[in-house]
1. Which length gain, in nm to one decimal place, applies between Ser795 and Thr198 when the Cα-Cα distance is subtracted from 0.36 nm times their residue separation?
2. Asp475 to Val23: extension gain in nm, 0.36 nm per residue of separation minus the Cα-Cα distance?
3. With a 1.4 Å probe and every protein chain left in place, work out the accessible area per residue of segment 26-156 in Å², rounded to a whole number.
4. So what are the three principal axis dimensions of segment 377-489 from its Cα atoms, in whole Å, longest to shortest?
5. Under a plain spin-label model, where a point goes 7 Å from the Cα along Cα-to-Cβ, how far apart in nm are Arg406 and Arg245?
6. Is segment 126-210 rounded, prolate or oblate when judged by the Cα gyration tensor, a ≥ b ≥ c being the square roots of its eigenvalues, rounded requiring a/c under 1.5 and prolate requiring a/b larger than b/c?
7. Per residue, how much accessible area does segment 469-537 show when a 1.4 Å probe rolls over the protein heavy atoms, in square angstrom?
8. Kirkwood hydrodynamic radius, computed over distinct alpha-carbon pairs, for segment 1-97: how many Å, to one decimal?
Amino acid sequence: MRVENVPGQAVRVWNTDPEKHNVIWLERMSVNNTGYRGTSSAVLDLRLKSAYVLIRNCFFSNVVATRSTVLSVTFDSETTSRVSTAKVMQNSVVFSSGGGVIFVKNTGVNNATLRMTKNNLRHNTADESHSVVQLVNMSVAMEGNLLYNNSGKYTLEIGSESECNRLPVRADGNIFWFNTAIKSAAKYTVSLNASDVTFRLNILNNPSNTYELSTRQMGDVNVTDASIDFANNWWGSGLAHAVSRRIRDGRSVEGLPVVVSSSFETVPPSGLHFSSVCPLGWTYQLSGCFFYNVGASTYRQAATFCQRERAVLLPTLMVGDLQPLINNFITYEDLDGTEKRSVMWLSNGKKNTRSCPVGWTEDDCSRFYCDDVNQCSGHGTCVGANQCRCSPGWYGRSCSITYCTRSTGCSTCVKEAGCGWCDARQKCLPGNAREASLGQCDTWFFHDCVTPGTHSGCSSQVSILDCNGRYCNNDLHYANKGTCQRCKDVEHCYSNKSDTSACSTWNETRCPNGVVTPDYDDPRRIENTVVSEKLHVVQPRDSTMYYCSEYDNPSEEHQLLIASGRLDVEEGDVVASAQAGGIFHKLHDVTHLPQMTLMRAETATLRDAIRYADFSADMKMYEIDDVASLEQTPSATLFDDFISGDVQLTSGTVVHALDDVTVYKCLGRTYTTTDSETATSYNLVIETASNDNTVYHVGDILTSHTSSGFLETVLGMWSTRVGTFVKTTLTGCNNLDVSTLKLSSPLANTSCIGGDNNPGLLMFDQTTQIDLNVGDVLSGRESSTIFVKVLSVRSSGSFVILEVANIDLVESGSVVTLLNPEHITERRVVRRKRDINVGISGGDTKSLKAGDSSVTASFKYSIGVRVTMHIEWDWFDIEVTRAGLTFSGSLSATAKGVFFYSKKVGRAGNSKTYSKDVCRFFIPVFGIPIPGRIYLNFQLGWVQERHD
């Protein structure tokens, strides 16, 4: 059957009788220059209940399917007793336009199957609402199809935006070549809303699309239940990273199913339509390239087709020589299972005599061109033989159609990729951030539809951003310094025009890519910080803050904080203080007592305390703790090596192990070394009787895994309805009166450290009997490992008091400390409430030993800080997108090693990891103490080399 030059449908079969099962058999149809223009009816339209449909050996050329498809099959059975089947085999659809090519859908209650085999779909142009092929709600088998140089919403769409295809889909040996997706925001070759898909040995090479494959969210189907298997396909490249970039799935977009594609073909698999010698779709046989165009056509149509392909129609006398080729192309299975052959025409071009196929040039046909698509009309890039990758705003085979003009307002226009609003012309046009690509436009809006000022020369399509009248107007409840600063930053990005009544547009040079670029060199920006009304900054002069450890309640979710006196705070407030190691907490519960305030809290975020901040500035760091009050702890690695015997001391060195001795710690002295460094000692207090009257000497080494705690002096006590509180401070042993020691006092239920690390607070429950007085000295906060060298010895009553220094290094059997008596000078330290340091600096020395070899290294560090803060909240319909505090600065280290070579070195590559708690600090940001802590971790080691 031939249908030519008909302004309507070629075939329409509709069945509304649910009792009828139709058998529709369409073969050898030739449909040319046919179709509807201006309606939405398919050219071949089958709407059936249950049916068997065979469409085979049909040829469609220059068919118009406006807002529909060339071939449409819909099943809508009302009974499950029959399975609907469609077979679409060995058809050609070329140069169709207006809509999709093949659409098959099942809306019935029964299952439906589709077999789509050896079809040739080439040079078809659909619109952006129709895919070239769309298959919905059925079992699908696709084999040996060629889809070449088509354009549409997608090339192949399984399922739809709202329907997940839950039945099996299998595709083998298909070629998707140089197709183009024209949907601006979703340029995918294959779009899957399906839960059971297997693709094998297919070729996907469509460089104008962003992705070859995209999965979709599947409604009520769990993405983890989906099976999307795309192993052993060729993706246009044999490189793993290139393949992964061509797939959009759950690995790059949360909520999408994940595609299995770890194995892939590194070269195109040979198949029906692909040869390394012949053009795409041609087969090499008898030293020539042959093309079989499936679908019935007349001799004249066949000859014309071959002429367009720059080939000749195969002479009848050659058919016998090509019998194997013909059998491969035209053999099919009939309804009764017998083998049949279809009628065909073959075109031939000899390998050494035919000219290059369309789109290719040079002597060896190795270079592609885009001459036949007007060089992509200047709105795209030529990426293959007459294959264009269109710039945003354009689509079509030659990138000559713009989708921008369909938008009639600015707000919808700027949401389309590659489109902008020309306010003077009241049109949506294609272009980029700087200008329109169709004509001149001085009022160009590409990123948004906003202009600053109190009035505007723009049309009503453009909103006015009035900084002075709204966001900087303190008479309005939503306006403050933050909204004003942000508005002024946006205003800064617009072009300054002498005519204040003109329509001001975005200055892309000043603020590229539509991103506001504030002037962070302006030091006044920090003054516009807006602090939350729930923030309370506690200064040391007003109240001492304590951070507590609860021994009887270790699983409590929120931290216990205590403040001396009464704080005017409530649940939901944020408390910040440069005390107790740094307080920056959000309160969950508050209890007010006459002498103090108890608070349950969790660590706050910057967003809890600051409503707006947008600045970058160099700032000073403040040390929170009194350095002299900090416990001097040895390196855990060095201590463990010494205990295990890996580090040995020089013969004759006296070592005392104090693990079975009651040892207390207390504060020592502050010294200045010959290198002008500050160093501190501390004291050990040992009851003589508890250590069998052992005599200690200067230079002795003392070790212990634990101690009995730091000594604290009682400053005050008071009883409350929740228990008894004892206020303490760390005790210095330089002038200790041992008669005040109350070492048998009961253990506290809660121990708190506050202020600059000297103040302490002990809490006892109401049942505990306490025999303490102001001035008594007791064992308070816990302490850690002892690995020290004795600096001085003195006795006080039944106690011996040893001034000691931490051991920092063991070098060649000798211990090294920062406090060598001959290299230090005692100095008096007066600590101010706000002792400011521009940065944090310090140093350390470590060693490593193996066999007879050792290496020592010393380093120094210096840390500065630059604070950049961006915190915003909703204003001008903009959602919060940024909240954070970042630091930049310098961390420098120098190392000097000494290596003693010996053949006994047995652990080449051996290394040790050291860590150092540098300091606790805070940075005042607009009066808010932001706390932090610095740790250093480094590795010390060597590599052994042999020299023969």
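1. Working: separation 597, 0.36 × 597 = 214.92 nm, distance 8.61 nm.
So the chain would gain 206.3 nm between Ser795 and Thr198.
2. Stretched out fully, the Asp475 to Val23 stretch lengthens by 154.9 nm.
3. Using a 1.4 Å probe on heavy atoms only, each residue of segment 26-156 averages 26 Å².
4. Between the extreme Cα coordinates on each principal axis of segment 377-489 lie 64, 26, 19 Å.
5. Computed distance between label sites Arg406 and Arg245 equals 3.0 nm.
6. Details: a/c = 2.01, a/b = 1.17, b/c = 1.71.
Judged from the Cα gyration tensor, segment 126-210 comes out oblate (a/c at least 1.5, b/c at or above a/b).
7. Details: 3850 Å² over 69 residues.
Result: 56 Å² per residue.
8. 13.8
The values are calculated or read from the model by the stated rules, or taken from the named source; none is laboratory data. Computed from a prediction, not measured in an experiment: that's the story for all the values here. With ideal geometry, Cβ positions are generated from the backbone for all residues, glycine too; neighbour counts draw on all protein chains shown. The area values use the complete protein model at the heavy-atom level, side chains included, leaving out ligands, DNA and RNA. Shrake-Rupley method; radii C 1.70, N 1.55, O 1.52, S 1.80 Å.
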